Amino acid sequence: MKKLFLFFLLFSASLIAQNKVKVDLSNPNATISTHLYFLQPGTYAPEKAATVIYGYDGMKAQEIAIKLKTIMDAKGLKVDFSMVPTDKMYSDTTSTKGGNQYLLFPSKMPEIYLEKIEDNWYYSKVTSSKVIELYDLMYPWYSEKLQEIIPEAGHRKLFNVEVWQYLGLLILIAISFGLFYVLRKIVFLILNKSQHSIINISNEEIKSSLKKLARPIVLLILMAFIKNRLPSLVLHIDVYNFLLLAINIMVIVFWIYVFMKLVLVIMSIYAKYADSTESKLDDQLVPVLRNFLMGLVIFLGILKLLTLFGVDPVTVVAGASIGGIAIALASQDTVKNFIGTIMIFIDKPFHIGDWIEAGTVIGTVETVGFRSTTVRAADTTVFQIPNSQLSEMVVNNKGLRSFRRYTTNLGIRYDTPPQLIEAFVHGIRRIIELDPATRTEEYNVEFAGFADSSLSILVNVYFVNLDWNSEQTSKHILHMKILKLSHNLGVKFAFPSSTLMIEQFPHKKAEEPIYNTDENRIKEILDAINLPGEDETSHNKI
């Protein structure tokens with residue numbers, strides 16, 4: 001009697017459980033619940049699930065309902081019922097079709113949506129027609145045939161995966177390996193021909209980068225192939241979701257790798273172009289731009305990876321923006337220096353190797369970084385100038401001068417005869433005119449005036465060599481020629497001194513320098529001034 005009572009109790013409980021869920025099409029949440037609930041193993045009732053399909057009835061409606069759930073499972077699309085509206089008058093703001101509609105998966109499968117017809121919600125006619133097309137694309141004719149001819153042993157499960165599905169995965173991987181070696185050569189040839197047709201630069205570094213770029217591109221193609229063929233194995237939704245997540249992660253990682261290699265290829269091409277230009281500032285821009293683009297690729301890749309784990313990209317970007325503002329406020333100097341760097345590369349007030357004067361710093365520009373510029377002074381002292389300050393300074397770029405001006409005053413003794421002064425001036429002019437390192441169109445050599453201890457000869461010349469080291473060499477050669485001229489003429493250079501003149505002194509005569517003012521001798525000395533290049537040769541030998 002007790003057993004009979006227990007049987008009736010369980011039987012009535014099961015009847016109550018079965019009658020608990022009924023067909024309900026009053027709102028989007030109820031329609032989707034009805035569809036999925038009556039296609040579960042424990043509550044399988046396809047005729048009830050078919051009521052959600054509009055415009056079809058009988059076996060056709062059941063077929064569409066079953067195929068729709070199969071597609072959703074194969075694509076790993078799980079319904080979060082807490083997000084599905086229960087409002088019978090709901091209108092989806094993301095839809096452009098108008099009316100009372102609800103897109104179930106707006107970003108992943110916009111073809112699947114519900115619409116309100118009269119008082120009930122159904123899957124739309126567009127969804128019903130698309131289901132058959134999508135199913136045929138995902139499950140080729142041979143997938144059903146394979147399941148029919150596979151023996152019973154092949155349907156045994158291990159970790160929720162059947163034996164024949166393991167074999168299918170191995171075959172898919174083997175095909176992918178074979179395609180990899182074939183496609184890699186084809187993709188490299190396409191990339192190489194594209195590169196030659198666009199810029200036509202032959203470079204081993206570019207060629208090596210293209211080979212490395214071809215590999216991830218081929219892997220992306222194979223990932224798309226595997227992802228497209230994977231549904232034909234009819235895997236369990238949890239297994240499929242796991243494999244799909246792994247494939248999506250690999251795809252993003254490969255895309256990051258592709259863009260990083262693409263950055264290297266572009267930078268290699270730009271570096272080749274930068275080498276062909278006279279400016280050295282664009283050479284310095286190569287590593288700066290490469291590091292910036294690499295960081296941007298990695299940041300966007302990580303952002304995309306986070307979306308795979310359910311993180312809203314808008315939230316991440318907003319958080320990154322707020323964090324960026326906070327970091328910017330905390331490190332204003334760094335941001336100012338970065339902006340200063342951008343302004344330097346845009347305005348180009350100097351180039352690498354230019355001799356500049358910026359404030360109290362005088363030297364050669366060596367590097368321009370994200371934060372600061374390195375300037376090496378003549379005594380090899382290295383100055384690091386923040387770019388924010390450098391962009392606001394008055395920069396005297398001596399590297400942009402057409403000529404290097406050099407001015408000096410030669411002081412000769414007061415007792416030098418006028419004939420020798422005139423000859424000395426003419427001799428220096430001739431030296432400048434014959435020197436290839438000086439500008440002969442414009443120079444000054446004149447008797448400038450009377451100094452405290454000497455007669456002042458002004459020498460104002462312009463050197464054509466802009467390099468600082470070349471300028472010093474040119475000065476050396478000019479000075480040596482002037483010294484030889486003064487020695488040959490007998491012109492004495494003065495130095496600060498006091499002369500005491502005594503009119504009479506017993507048995508002594510005043511000591512006076514002896515100057516040879518013979519005109520023929522002076523003419524011979526001026527005519528014998530070295531031709532261009534002789535002193536330079538002797539200087540190099542020394």
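Hey, got a sec? Which GluC sites (Glu not before Pro) in the stretch 428-469 land in a DSSP loop and have at most 15 other Cβ atoms within 10 Å?
Sites meeting the loop and neighbour criteria: Glu441, Glu442.
Paramagnetic label reach from Ser208 (point 7 Å along Cα→Cβ; backbone nitrogen cut-off under 19 Å): within the stretch 172-186, no residues. Label-to-label distance, Val79 versus Met343, with points set 7 angstrom from Cα along the beta-carbon direction: 6.0 nm. Taking amide H positions as modeled 1.01 Å from N, with prolines and chain starts lacking one, the residues under 5 Å from Phe105 and 5 or more places away or on another chain are Ile112. Per-residue 3J(HN,Hα) values for the stretch 51-63, derived from phi via the Karplus relation 6.51 cos²θ - 1.76 cosθ + 1.60 with θ = phi - 60°, read 5, 7, 8, 9, x, 10, 8, x, 5, 5, 5, 4, 4 Hz in sequence order (x marks Gly and Pro). Overall size of the stretch 20-138 from C-alpha positions, given as principal axis extents largest first: 36, 33, 27 Å.
Using 0.36 nm per residue and subtracting the Cα-Cα separation, the extra length available between Glu433 and Trp468 on full extension is 10.4 nm.
Note on Ala153 and Glu357: the extension gain reaches 64.9 nm, defined as 0.36 nm multiplied by sequence separation minus the Cα-Cα distance.
If you take the Cα centroid of the stretch 361-399 and the Cα centroid of the stretch 220-250, the two points sit 55 Å apart. 3J(HN,Hα) along the stretch 77-89: 8, 9, 8, 9, 5, 5, 9, 7, x, 10, 7, 5, 9 Hz, from the Karplus curve 6.51 cos²θ - 1.76 cosθ + 1.60 with θ = phi - 60°, whole Hz, x for Gly and Pro.
Label-to-label distance, Leu483 versus Glu392, with points set 7 angstrom from Cα along the beta-carbon direction: 4.8 nm.
Label positions at Ala377 and Asn192, each projected 7 Å from the Cα along the C-beta direction, are separated by 5.4 nm. The distance separating the Cα centre of the stretch 416-462 from that of the stretch 473-490 comes to 11 Å.
Bear in mind these aren't lab numbers, they're just calculated from the coordinates by the rules spelled out. It should be emphasised that the depicted structure is a prediction, and the values quoted were computed from it without experimental measurement. Cβ atoms come from the backbone with ideal geometry, glycine included; neighbour counts cover every protein chain shown.
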